[in-house]
Every structure is written in structure tokens, then in C-alpha cells.
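S.K.: Here it is, the structure, as C-alpha cells.
Derivation of every value follows stated rules applied to the coordinates shown; laboratory data play no part. As the structure is a computational prediction, the values presented were derived from the model and not from experiment. With ideal geometry, Cβ positions are generated from the backbone for all residues, glycine too; neighbour counts draw on all protein chains shown.
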Amino acid sequence: MSAPAKPAAKAPRPRKPRTPPPPARSDMRLVAWVAAGIFLLDQALKYLVVHVMQLDRVREIDVLPPWLNLRMAWNQGVNFGLMSSEQDVMRWVLIGIALAICLWVWIWVWRSAMGRFGRVAAGLLIGGAVGNVIDRLLYGAVADFLNMSLPGWQNPYSFNVADISIFAGAIGLVLMPQKAAPDAAAPKPAPKSAPKAPRTPPRPLQPDLFDQSDETRDGRGKSG
């Protein structure tokens, strides 16, 4: 009788390719908290100055002259009155630009896995920009009321907390420490070799029975 045929060996299953780990992302909670804090502080001070102190009617209030004063100014442009215009279309153009910048900074920080310094700077910029956007929606212009001058020099411009925050955030993002890129031309360190196994000490040789040295003789000089 012939031997039974052996079952055919199963073909090995192809291994699934390993999916690369997802890229590192920034934790945006710090950015959101800083932006929310700046936004609330900016809007609270503007409400106090415009609606409670009625600076839009009084126009000027000296606090610590000439170092710090309250001077009401409605800014229809960006900082220092740039791009200001009486036309209503410019207001919506500036609103769109501000929101686009906020969205771009948010995505950039989220994808860059920035440290705490960069996320705080991004929160300052976004919070200040959103605060000025709300002013344009409510009043048609940005409420500026802070004025800082020097003895013998009167500063003609006013600003607000949102302007300070935007400026500080932009400077922080520019001066943010960058991660050093690995130098491709630098020589790679040599791989460490596997540790060598400890050498076993040589086994002691058996004494030669025919060796007639002094160590194999008894005390009387006889071998034994």
C-alpha cells in the first residue's frame, strides 16, 4: 500500500504594512484659554470706558499725565489708522482679513506641535484680533482709548488692550525658538557592538602524578 499523501503546506499570510504613527499635534487648549482671557479683558474694558465712563462723550480723562491718559478714538482701519476708510465695505474687508489670519495661525500652531511659548503667543494674537472684530461688528470701528505720552511729547495715537495683545503675540511668534533640524552631513555615531560574554577563567590543571617537584613530596622528601 502506498503511503498517504502529506497535506500541502499553507502559504504564509502576507504581513500587513505598518501604518506610520500620526504626526504630533499641538494641544490647543492653552491657545483657546489665552485667547478667551484676552478677549474678555478687552471687551470688559471697552464696555467700562465707552458705556460706563462715557469716554466717547467726555473724549479725554487724565489718569497719570502725561504717562497714561484716556483719549477716545474710533479707528476705522488697522493699527495707527492704517487702511482707514469711510466706506462700509472696508469694514467687512478688514473683518475678513482678521478672521482669515486667526484661522491660519490656529492651523499653523496646531500642525507645528509648538511649545508653550508659541501657543501663548498665538493665543494673544487670536484673542486680540477677535476683540477688534467684535468692535467692528458692534460699532463699525475699533474703540481705542489708551494714550501714553512723555514729558514734552504728546502721543497723537490711542490704542487698546487688543492692539497690545496682537503686537505682543506677533512678536512672540516671530521670536519663537525654532527646533534645530538634524544635520544630514554630520557623521552618524557608530552602532554599539554587542557586549562581549565574560571570559571564563581557565580550569586548573590536575597535578601530574609523575611530577617529582617539591610540592608533590611529603615532609621527609619522599614522594607520596
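S.K.: For Leu41 and Leu99 in the same chain, what is the full-extension length gain: residue separation times 0.36 nm, less their Cα-Cα distance, in nm? Working shown, then result.
M.R.: Working: separation 58, 0.36 × 58 = 20.88 nm, distance 1.94 nm.
Length gained, Leu41 through Leu99: 18.9 nm.
S.K.: Run the quick spin-label model on Tyr157 and Trp92: label points 7 Å from Cα toward the beta carbon, then report their separation in nm to one decimal.
M.R.: 2.9 nm
S.K.: I'd like the FRET efficiency for Val174 and Arg13, computed as 1/(1 + (r/R0)^6) with the beta carbon distance as r and R0 of 45 Å, rounded to 0.05. All intermediate terms of the calculation are to be shown ahead of the outcome.
M.R.: On the way: r = 54 Å, r/R0 = 1.19.
FRET efficiency, Val174 to Arg13: 0.25.
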